[in-house]
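For reference, the structure is listed below as structure tokens.
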Amino acid sequence: NAGVTQTPKFQVLKTGQSMTLQCAQDMNHNSMYWYRQDPGMGLRLIYYSASEGTTDKGEVPNGYNVSRLNKREFSLRLESAAPSQTSVYFCASIVLGARGYTFGSGTRLTVV
Amino acid sequence: AQSVAQPEDQVNVAEGNPLTVKCTYSVSGNPYLFWYVQYPNRGLQFLLKYITGDNLVKGSYGFEAEFNKSQTSFHLKKPSALVSDSALYFCAVRDMGGATNKLIFGTGTLLAVQP
């Protein structure tokens with residue numbers, strides 16, 4: 001099925017551990033985004049990639065890095081996880097002129 | 001800077017009654033506005049958008065939204081609520097500072113429809 005696929009769905013990390021959240025879309029979309037969702041704060045943009053080969057910081061980039069591996073894949077890396085990064089992470093993609101973002105189902109990350 | 005505000009953390013409505021979820025925006029120029037819905041443990045789903053044209057926009061699942069430029073509002077409405085409409089609703093505005101399609105989201109409103 002066409003859409004945005006995120007892995008893993010759930011993850012528990014210890015403080016200081018690293019991990020990479022994977023995101024892939026099969027809709028030939030140009031732009032991809034990583035958001036985090038926290039209670040009472042809505043969705044905040046971490047990083048985005050307007051097109052293959054480009055990445056830019058969003059509203060809350062500290063503690064994260066990203067890679068736009070190709071047009072399909074956009075990964076988010078936590079180099080040294082902190083409890084403040086406990087959140088639900090969503091990947092989204094869009095093609096210009098489309099109705100709106102297509103979101104993945106999310107990764108629920110807990111840092112202890 | 002562009003922003004959206006959702007003044008209500010939660011809206012309670014009885015099944016069969018009309019519902020309204022409020023959203024106000026602040027942008028420079030003409031806004032691109034969106035509504036998304038999130039069901040428990042799911043990603044966000046697109047409901048509707050306003051780009052230009054008719055101020056009343058119809059979307060999925062019987063929802064509609066009214067764009068009001070003078071009040072800078074984009075309220076989500078439905079004539080008759082269903083229990084299955086219970087979910088978290090987000091208003092969003094496109095960041096017009098460049099061709100990046102970034103969306104700025106409100107904090108969300110939890111809609112609870114009682115049977």
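What follows is calculated from the coordinates using simple rules that are stated; it is not laboratory data. If you're wondering where the values come from, they're calculated on a predicted model, not measured in any experiment. Note that each Cβ is placed from the backbone with ideal geometry, even for glycine, and that neighbours are counted across all protein chains shown.
What to note about this one:
- Count Lys and Arg as plus one, Asp and Glu as minus one, and take only other residues whose Cβ is under 12 Å from that of residue A:107; the net charge is then +3.
- Across peptide B:101-110, the mean count of Cβ atoms from other chains lying within 10 Å of each residue's own Cβ comes to 6.
- Taking amide H atoms as placed 1.01 Å from N in the peptide plane, the amide H of residue B:47 lies under 5 Å from those of B:35, B:36, B:37, each 5 or more residues away in sequence or on another chain.
- Within the shell defined by Cβ-Cβ distances under 12 Å, the residues around residue A:19 carry a net charge of +1, with Lys and Arg each +1 and Asp and Glu each -1.
- Longest exposed-site-free window of chain B, the sites being trypsin sites (Lys or Arg not before Pro) in a DSSP loop that have at most 15 other C-beta atoms within 10 Å: B:70-115
- Burial ordering of B:83, B:93, fewest other beta-carbon atoms within 10 Å first: B:83, B:93
- Taking other C-beta atoms within 10 angstrom as a stand-in for reagent exposure, B:75, A:29 fall in the order B:75, A:29, fewest first.
- A convex hull fitted around the alpha carbon atoms of the protein assembly as shown yields 123 Å³ per residue.
- Across A:102, A:86, A:15, mean-square fluctuation computed from a Gaussian network of chain A (C-alpha pairs under 10 Å connected) peaks at A:15.
- With K and R counted +1 and D and E -1, the other residues having a Cβ less than 14 Å from that of residue B:54 yield a net charge of +1.
- Set of aspartates and glutamates near residue A:71 by C-alpha distance (under 13 Å), chain-local residues within fewer than 8 positions excluded: A:26, A:52
- Estimated at 0.36 nm per residue, the fully extended path between residue A:22 and residue A:62 surpasses their Cα-Cα distance by 12.6 nm.
- Residues A:79, B:66, sorted so that the one with the fewest Cβ neighbours within 10 Å comes first: A:79, B:66
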